[in-house]
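These notes are about the structure you will find just below.
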Amino acid sequence: MTKSYEEIPLTPIADMPSTMNITGLWRVIRPVVDKKKCKKCTICWKFCPDAAIVLVEGVPEIDFRFCKGCGICSHECPSKCIVMVKEGSD
Amino acid sequence: MIEVRFHGRGGQGVVVASEILAEAAFRMGFEVSAFPFFGVERRGAPVTAYARIDDKPIRMKSSIYEPDYVVVLDNSLLRGVDVLEGLKPQGRALINYPDGRKLEGLDQRFRYFVLDATSIAAAHGIGSQTAPIVNTAMMGGFVKMCDIISLDAMLESIRQNAPVKEEENVSAAKEAYERTKEVQP
Amino acid sequence: MAKTTIPEEEFTYPGSTGCPGCGANLVMRYLLKALGERTIVSIPACCWAVMPGYWPSNCLKVPILYTAFEATGAAISGLRAALDIKGIKDVNIVGFAGDGGTVDIGLQAMSGAAERRTEAIYVMYDNEAYMNTGIQRSGSTPWGAWTTTTPVGTTHDFKHEAKKDIMAIMQAHRIPYAATVSIAHPEDFIKKIQKAKGIRGFKFIHAMSPCPPGWRLNPMLSVEAARLAVETHMFPLYEIEHGRVRITRKGKGLPVSEYLKLQGRFSHLSESEISEIQSAVDASWRYLEEEEKYAAQAGINE
Amino acid sequence: MTGNYASAYGAKLSRAEVIAAYPITPQTSIVEKLAEFVSTGELNAKFVPVESEHSAMAACIAAETAGARTYTATSSHGLTLMHEVLMWASGARLPIVMTNVSRAMAPPWSVWVDHMDSIAQRDTGWLQFFCQSNQEVLDTIIMAYKICESKGVMLPAMIIEDAFILSHTSEPVDIPDQEMVDSFLPAYAPEFKIEVGKPMGFGSLVKPDQYMEFRYKAMLGMKAAHDRILRVEQEFKQVFGREHGGLLELYRCENAEVVLLTAGSVAATAKDVVDSMRSKGVPVGLARVRAFRPFPHDEIRALGSRVAGLGVLDRSYTFGAAGAMFSEVKASLYNCPKRPVTKNYIAGLGGRDITPKTIERVFEDIQLVTKRGEESEVEWVDVAGLPRWWR
């Protein structure tokens, strides 16, 4: 929505967190975590380019509002507990 | 003048789809123009492209706001993007949608055509198995949906525009033409 | 409670508009984890000028000063001068530019900033081509790679010119600290940034930054590709501290083909072309080892 | 004091905090002098010895964004190398002040005066002041900071002094008292600046649906500069007892039949010619464009509607058109109910001297075309090989 020239700063000073961009909509494949197999190594969290993984007691919780489905977490997981499935499938 | 809007994601060949349609129409003697919304969107991000078809020279350089047709290359866009925005009443939408699943909850003012372009493209070895390139199959489906483009013109346009695997793309489009059907959402 | 191997606090928000699997996103994430909140980042035209999102979106929890493509070195000098005259201390100033913005169009300004001993850390995230404009060759594109301006056709095939050795260029500037870092080794990455932070003067960081679309690489393998770059010695991890070269990870010395085969941009290469790359990589690695040995023997600046 | 030293003193008195500059003839003595001020502690500033003019401006932009008052100086090729970042400075709404020692562009190589370099930057969003004396150079730098830093303007300014004719000519210059300058020009305190703890991105990407609103705002800034220039000059006069003529200085234009309009040092010479012609009873006057941006359209319209002939002497040329000042003047006059006869004179390129004799011939020529009512276009003055152009 275009803002009036009176409502914007003099020059584009960006001051809103990028969480305004729901980049999870870009996702075509989706990580599914088998939390029972998780060894809490935190490697998936470490390598997430979008900081879209939150650790809850060391176990990854994926923030699907922002996960773009790159699959790095799945590939890097040493215990192979993250699998990528097609978006829209169950 | 007929106006078409394409929805897809960065990297899916959305812009090429608009060019294939334009060239097919041009081959039939129409005047055409095809153009992308050129943003800085990245791979996977929603992108749009447009095409115009007319029987007289097209001078219009403004964007398209009220298309006659929309083409949705990726049904995951149905959540998040208003792909039907501005579609004319009785306008038609072609959606890449998996077989065996019912299209539901869409605006009744429009006509809907579905096609499992992902499976068809994958079966013909276009793109990778995880990310098939569906643009040529979708254009086969477009011929079925619209009343203006002949299958021959479309197939020839695909043959000319496919960067690799010309014949695979052509046969995918043919199969897509056969398998496209209108549905009542 | 599991313990993380890198600082937990995040200085990047989700919702950046980088491609899925973007290495440059990780470079920024690790960099800011190492530097913390008291940091200002200057970014020229490059992928990262776009990745914070359209106005008013900013995906960093630190301020950004956008600047012209060739101007990063000048911008960080100007920022530092302003903070100095205002008496503002303990601020990390970072120039954060791509490879084109560093080794090509931005080389002059960066060289100037280095020569002026600007108190700053300059990070080059190296995705080995002009990726923001859609994969055109840069001075940092390696020999053998396909790009859209080194297309594999019938009369001309791939890039036939070697990658500029930016670390050697910076070494020749006699800066106090230069290091290579990889997204596959975040612990080493963060340690080096923290070290750079503690050294006065102009510090240079060369960060390998895989680009899935530009490298024709499965996004899932982004970190894997960075890891193999280190293991094959295509991209050795080392630092040059006051002239002293130290290799920080030996790597397994795997065949370069292990790295190349993941990437579509090298898929046209013949066996003999791959062995040419192997010889060049081996020679560079030996040279680096010699430099390390020499530095140890000569006790440079110990 | 030379024009260059006047510039350096102007920056020093304005308490520039960051100075980033690169040498170029004939600007160099400005930055030498400033480097000296900094090295002796006479000026508390950071001098950034950059490796190009592009970097000079980029460094000023960064420093100004961080809240420092900045200054730089350049000339000709240096200015045109800056072109990209000049646009950046205005788009970022940074009140940077810069001296440009106006010099011809190569080839043909030339280190001498003309206005091609400055005029080529007219669309960069900078305020542009052409000066006629070294005193004006010094005073205008101080005034420019006050004009540009005001909330309604927030745009950069270029103070233009003619190569050698001002830059290297010694004239008496009154150096104002620092305390008086300090009270006239308070410290720079921008509404927004880049600082740790405030995670804002300065200069971010804007979509087509929002870009124009930012440009519109910058246009409003330039528009506001018009009145701001006048007001600041009045304040300056109250404190320092001097003024320089607002946006358009009129000299003996009262009851003038024809007026010559020009900019820069040639205007000073032309005043002598006006005096001498007036003493012989010839009703001529001089108009000096002091602010080229914002352009004094209203002032020119007012002048144009009361004179019969208006000559415009440009020290530059816009290929495919005419002198840029001439084109602007004609645009101003278009909707005047009563318009004068106009003619454009291109003179003094690449340092060619513009003598009183030349100016007198220009005046005589304007009188002639005015009498005949000829709307003639562009006259290249004193070009070898062209037929004699004067009566």
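The values are calculated or read from the model by the stated rules, or taken from the named source; none is laboratory data. Given the structure is predicted, the values throughout are model-derived calculations rather than measurements. Note that we place each Cβ from the backbone using ideal geometry, even for glycine, and neighbour counts take in every protein chain shown.
So here's what we get for this one:
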| read-out | value |
| --- | --- |
| Residues of the range D:199-227 satisfying the condition of being at the interface with chain A (Cβ under 8 Å from one of its Cβ atoms) and either outside any helix (DSSP H, G or I) or of a type in the set (S, T, N, Q) (or both) | D:199, D:200, D:201, D:202, D:203, D:204, D:205, D:206, D:210 |
| Within the range C:1-46, tally of residues that are within 21 Å of residue A:12 (Cβ to Cβ) and either at pLDDT below 95 or part of a loop (DSSP other than H, G, I, E, B) (or both) | 8 |
| Residue in the range D:173-193 that is under 20 Å from residue D:28 (Cα atoms) and away from chain A (no Cβ under 13 Å) present | yes |
| Pick from the range A:42-65, criterion surrounded by fewer than 19 Cβ atoms within 10 Å (Cβ to Cβ), facing chain C (nearest Cβ under 10 Å) and in contact with a Gly (Cβ under 9 Å, 6 or more places away or on another chain), ranking: nearest to residue B:44 (Cα to Cα) | A:65 |
| Enumerated strands (runs of 3 or more DSSP E) restricted to the range D:300-391, each holding at least 1 residues that are hydrophobic (A, V, I, L, M, F, W, C) and under 21 Å from residue D:160 (Cβ atoms) | D:309-314, D:341-346 |
| Some residue of the range A:13-21 being more than 7 Å from every other protein chain (Cβ to nearest Cβ) and either of a type in the set (A, V, I, L, M) or part of a loop (DSSP other than H, G, I, E, B) (or both) | no |
| Considering residues of the range D:1-51 that are among the basic types (Lys, Arg) and within 24 Å of residue D:163 (Cα to Cα) only, the residue farthest from the chain's Cα centre (by Cα) | D:33 |
| Odd one out for residue D:16, checked against (1) closer than 30 Å to residue D:219 by Cβ; (2) in contact (Cβ under 8 Å) with a residue 40 or more places away in the chain; (3) part of a helix (DSSP H, G or I); (4) among the small types (Gly, Ala, Ser) | (3) |
| Residue check for residue C:75: aliphatic (A, V, I, L, M) and under 21 Å from residue C:28 (Cα atoms) | yes |
| Sole residue being closer than 25 Å to residue C:220 by Cβ and surrounded by fewer than 24 Cβ atoms within 10 Å (Cβ to Cβ), chosen from C:37, C:10 | C:10 |
| Neighbours by Cβ (under 7 Å, 6+ apart or cross-chain): first from the range C:217-233, in contact (Cβ under 8 Å) with a residue 24 or more places away in the chain; second buried (at least 24 other Cβ atoms within 10 Å of the Cβ) and hydroxyl-bearing (Ser, Thr, Tyr) | C:225/C:259; C:226/C:182; C:228/C:259; C:229/C:182; C:229/C:259; C:230/C:182; C:232/C:259 |
| Output for the range B:107-125, where each listed residue is aliphatic (A, V, I, L, M) and in contact with a Leu (Cβ under 7 Å, 6 or more places away or on another chain) | B:114, B:115 |
| Single residue of the range C:127-141 satisfying the filter (in a loop (DSSP other than H, G, I, E, B) and not polar (S, T, N, Q)) that is nearest to the chain's Cα centre (by Cα) | C:128 |
| Test: residue in the range C:60-79 that is under 19 Å from residue C:127 (Cβ atoms), more than 7 Å from every other protein chain (Cβ to nearest Cβ) and free of Cβ contacts under 8 Å to residues at least 40 places away in the same chain | yes |
| Test result for residue C:90, more than 7 Å from chain D (Cβ to nearest Cβ), acidic (Asp, Glu) and at positive phi | yes |
| Exclusive hit being assigned to a loop (DSSP other than H, G, I, E, B), out of contact with any Asp or Glu (no Cβ under 6 Å at 6 or more places or on another chain) and crowded, with 19+ Cβ neighbours inside 10 Å, set D:270, D:256, D:287 | D:256 |
| Subset of the range B:131-185 (residues that are assigned to a loop (DSSP other than H, G, I, E, B), surrounded by fewer than 15 Cβ atoms within 10 Å (Cβ to Cβ) and touching a helix residue (DSSP H, G or I) at 6+ places or on another chain (Cβ under 9 Å)) | B:150, B:163 |
| Complete set of residues in the range B:49-91 that are away from chain A (no Cβ under 14 Å), surrounded by 19 or more Cβ atoms within 10 Å (Cβ to Cβ) and part of a strand (DSSP E or B) | B:49, B:50, B:51, B:52, B:53, B:69, B:70, B:71 |
| Enumeration of residues in the range A:1-26 that are under 26 Å from the mean Cα position of the chain (by Cα) and surrounded by 15 or more Cβ atoms within 10 Å (Cβ to Cβ) | A:13, A:14, A:15, A:16, A:17, A:18, A:19, A:21, A:23, A:24, A:25, A:26 |
| Residue in the range C:213-227 that is touching a Leu at 6+ places or on another chain (Cβ under 6 Å) and acidic (Asp, Glu) present | no |
| Residue within the range D:192-210 that is of a type in the set (Val, Ile, Thr), within 20 Å of the chain's Cα centre (by Cα) and at pLDDT 95 or above present | no |
| Residue in the range B:1-35 that is nearest to residue B:152 (Cα to Cα), counting only those that are at pLDDT below 90 and over 13 Å from the mean Cα position of the chain (by Cα) | B:11 |
| Condition met for residue C:214 (part of a loop (DSSP other than H, G, I, E, B) and either crowded, with 17+ Cβ neighbours inside 10 Å or within 11 Å of chain A (Cβ to nearest Cβ) (or both)) | no |
| Residue within the range A:70-77 that is more than 30 Å from residue D:206 (Cβ to Cβ) and more than 7 Å from every other protein chain (Cβ to nearest Cβ) present | yes |
